[in-house]
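The values are calculated or read from the model by the stated rules, or taken from the named source; none is laboratory data. Just so you know, these numbers come straight off a predicted model, no measurement behind them. Quick reminder, even Gly has a Cβ in these numbers, built from the backbone with ideal geometry, and neighbours come from all protein chains shown. With ligands, DNA and RNA removed, areas are computed over all heavy atoms of the protein, side chains included. Shrake-Rupley method; radii C 1.70, N 1.55, O 1.52, S 1.80 Å.
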Amino acid sequence: MNLQETIVKDKRLINYHLNRYLKFGPGVPSRLKQAIRYAVLGPGKRLRPIFALEAFKACGGKNFSWIIPVCCGVEMIHNFSLIQDDLPSMDNDDFRRGRLSLHRRFDEGTAILAADALLARAYELFALSPAPMDRKNRVILLISQAIGAEGMAGGQVLDIMPKSEQGKKAELEYFHIARLKTAELIGVSILTGAVIAGVAPAIEKRLYRLGVGLGVLFQITDDILDFKQDQRPRGINRIREEAEILAQNTQKGFSALGGKFWFFSEIATYIVNRKR
């Protein structure tokens, strides 16, 4: 099976279970149900849960019932962050993935509460996974750290701060924000799959480092694609050069782990060359 076939197959599996986990009983207000399902079940790459699943398989994981709830929880956290990112107090975006953003489709209050409910549902799924308790506890700790003040939340604050208050060179700050806002969750998604599979600590460390590199690469290429449509900012050529170097190093790093990590070796090249 090649890279594209694997992505399609994994995405189909993740979408099936997301739909299943986002069916709520009569005690949940209809408007909240609709908002949550609208936010999550629309178009989406599902990269983070796919990365967790592929890392689990590459590290020898066999029992998919252990990892699937965790994969879906990671995707819910990602969508929680997108809802927040679009809010008027943040980026104030009217559209997400070609559709109205959640606060435009419903209202700001409903969007905030849907995001809160998704975060809670994610941790519920982590707890419900039948994986060994010690592995689940580590995953909960790692994900909490990745999305907290020293991770995604901190990166979001830096992103909305006036440039005059950031106190660093713009290029260095750009890569720091990319790491906190995007790369930490991608890195920990890969690490999560490895932890649930029970891989050796030395491999965990290498996978996390490479996963963060893959996450930075994804954010850089995402921004480059946006820059092509807008006025190109100063430093774009330098950013593109960094992306190509990072892609090469990440590809080599995953390849060095052996053939079982072929997916991640190929995805690094795929990401840096993508057109959309």
Tell me, in nm to one decimal, what length is gained between F175 and D91 on full extension, where the rule is 0.36 nm per residue of separation less the Cα-Cα distance?
-> 28.4 nm
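Please list F218, F64, F175 in order of solvent-accessible area, largest first, computed with a 1.4 Å probe with all protein chains present. Display every interim value, and only then the final one.
Details: F218 20, F64 80, F175 50 Å².
Descending order: F64, F175, F218.
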Place the peptides 176-189, 69-82 in order of packing, highest mean first, counting for every residue the other Cβ atoms within 10 Å and averaging per peptide.
-> 69-82, 176-189
Largest-first ranking of R20, R99 by accessible area, probe 1.4 Å, whole protein assembly kept, is R20, R99
Distance (nanometres) between label positions extended 7 Å along Cα→Cβ at D116 and Y38 | 1.9
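Using only alpha carbons, build the gyration tensor for the range 82-206 and give me the equivalent ellipsoid semi-axes, biggest first, whole Å. List each step's numbers first, then the result.
Numbers: eigenvalues 166, 97, 24 Å².
Those come to 29, 22, 11 Å.
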Of the options C72, G25, L53, report the single residue whose Cα projects farthest towards the positive end of the charge dipole of the range 22-92 (beta-carbon charges: Lys, Arg +1; Asp, Glu -1).
-> G25
Given the protein chains as shown and a 1.4 Å probe, how many square angstrom of M133 are accessible, to the nearest 10?
-> 120
Assigning unit charges at the beta carbon (Lys, Arg +1; Asp, Glu -1) and nothing else, what dipole magnitude in debye, to the nearest 20, does the chain show about its Cα centre?
-> 860
Ranked from the most accessible area to the least, with a 1.4 Å probe and all protein chains present, what is the order of K45, K136?
-> K45, K136
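Given an 8 Å cut-off on Cα distances and at least 6 residues of separation, report the relative contact order of the range 90-161 as a percent. All intermediate terms of the calculation are to be shown ahead of the outcome.
Values: 21 pairs, mean separation 14.0, N = 72.
Value for the range 90-161: 19 percent.
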Compute the distance in nm between two label points, each set 7 Å from the Cα along the Cα-to-Cβ direction, one at A200 and one at S255.
-> 2.3
What's the FRET efficiency of K9 with K62 using the Cβ-Cβ distance as r and R₀ = 25 Å, to the nearest 0.05?
-> 0.90
Just need the relative contact order of the range 41-180 here, percent rounded to a whole number, with Cα pairs under 8 Å and 6+ apart.
-> 21
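Among rounded, prolate and oblate, which fits the chain when a ≥ b ≥ c are the square roots of the eigenvalues of its C-alpha gyration tensor, a/c under 1.5 means rounded, and a/b larger than b/c means prolate? Don't skip to the end; give the middle numbers.
Numbers: a/c = 1.56, a/b = 1.02, b/c = 1.53.
It comes out oblate by the Cα gyration axes.
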Which whole-number percent is the relative contact order of the range 24-119 (Cα, under 8 Å, 6+ apart)?
-> 34
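Select from the chain the helices, each a whole stretch of DSSP H, whose alpha-carbon atoms run 18 Å or more along the helix axis and whose Kyte-Doolittle mean is at least -1.0; answer none if there are none. Mind dumping the intermediate values first?
On the way: long enough: 3-21 (27 Å, -0.85); 64-86 (33 Å, 0.76); 108-128 (30 Å, 1.02); 133-147 (21 Å, 0.32); 184-197 (20 Å, 1.95); 201-229 (43 Å, 0.20); 236-256 (30 Å, -0.66).
Those that clear 18 Å and a mean of -1.0 are 3-21, 64-86, 108-128, 133-147, 184-197, 201-229, 236-256.
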Across the alpha-carbon set of the range 103-156, Rg over Rh with Rh taken as the Kirkwood radius works out to 1.10
Just from its helices, what would the mean residue ellipticity at 222 nm be for the chain, if runs of 4 or more DSSP H residues each count -39500 (n - 2.57) and the sum is divided by every residue, rounded to the nearest 500 deg cm²/dmol?
-> -24000 deg cm²/dmol
